[in-house]
Amino acid sequence: MPRYIAITDIHGELGKLESLLSKLETREDDITVFMGDYIDRGSKSKEVIDCVIDYGKTHKCVYLIGSHEYAYLHARKREDYFEYLFWNYGGPATVKSYGSFDNIYKTHGEFFDNLKFYYLTDKYLFVHAGINPNYSLESQDEKDLVYIRHNFIYPKHNLPQKIIFGHTEFEKPYIDTDKIGIDLGCGKFKNAKLCALILDDGKEKFVYSD
């Protein structure tokens, strides 16, 4: 049975990502699930995506979409609301990292276009923000999968899987009987660490960047 390693909300913090990855004692059958928000805020969004792509050449990886990638893709279509989100919530740092707005897609368009909204296993659902507990997984609005917060976090959901999520930052991992949140504010708060959750046959272990 493989272990699952969840990492989310890197936000352009290459140094913290490299620090975290260096601390993971990986196994050949591990599956690493990157749960979105690779870009914005931190100064090295391009380098972060280069890093996770390179990591996938030697490790089994799943790449999910986060709210910031979702906003970028819709801002690229000149949708007003998402243009506002991109440019006001860390987008300028991403543009600087790539050299221009157009260079983002020229460089990593294939990566962005192939990001998944969730990853489902027998025991876990990995998703950037969460789900609307009033709907089945198949009936979810994609915006909820990348943006939902309190309506997901505090009620119980009806899925048999435990949900692993990011997007909403906590001072320490949020642990409930049916869900675990692992966004600690990397990229948003100067001293916030990047967190990895290792799921190993029912056991849960947290690893942190420097």
Which value in deg cm²/dmol, rounded to the nearest 500, describes the helix-derived mean residue ellipticity at 222 nm for the chain, given -39,500 (n - 2.57) per DSSP H run of n ≥ 4 and division by the residue count? -9500 deg cm²/dmol
Across the chain, where is the longest run that never hits GluC sites (Glu not before Pro) in a DSSP loop with at most 16 other C-beta atoms within 10 Å? 80-170
Neighbour cut-off at most 14 other Cβ (10 Å), DSSP loop, trypsin sites (Lys or Arg not before Pro), the stretch 129-192: ARG149, LYS156, LYS190
Mind checking which of PHE101, PHE126, PHE165 has the largest fluctuation in a GNM of the chain, springs on alpha carbons under 10 Å? PHE101
In this model, which of LYS16/LYS205; LYS60/LYS96; LYS23/LYS46; LYS57/LYS203; LYS23/LYS190 are farther than 24 Å apart at the alpha-carbon? LYS60/LYS96; LYS57/LYS203
For the stretch 136-210, share of DSSP beta bridges that run antiparallel, in % to the nearest 5: 65 percent
For the stretch 31-70 and the stretch 143-201, compute the distance between their C-alpha centroids and round to whole Å. 17 Å
Give me the one-decimal Kirkwood hydrodynamic radius in Å for the stretch 4-208, with the sum taken over alpha-carbon pairs. 16.9 Å
Taking Cα pairs under 8 Å and at least six residues apart, what relative contact order does the stretch 111-199 come out at, in percent? 22 percent
For a quick check, take a GNM of the chain with Cα springs below 10 Å and name the residue from GLY36, GLY56, GLY187 with the largest mean-square fluctuation. GLY56
Comparing TYR84, TYR38, TYR147 in a Gaussian network model of the chain (Cα, 10 Å), the one with the largest mean-square fluctuation is TYR84
Relative to the Cα centre, what is the charge dipole magnitude of the chain, using +1 at the beta carbon of each Lys and Arg, -1 at the beta carbon of each Asp and Glu, and rounding to the nearest 20 debye? 320 debye
Over the chain, calculate the relative contact order: mean separation of alpha carbon pairs under 8 Å at least 6 apart, over the residue count, as a percent. 25 percent
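Read-outs throughout are calculated quantities, based only on the coordinates presented, and are distinct from any laboratory measurement. It should be emphasised that the depicted structure is a prediction, and the values quoted were computed from it without experimental measurement. With ideal geometry, Cβ positions are generated from the backbone for all residues, glycine too; neighbour counts draw on all protein chains shown.
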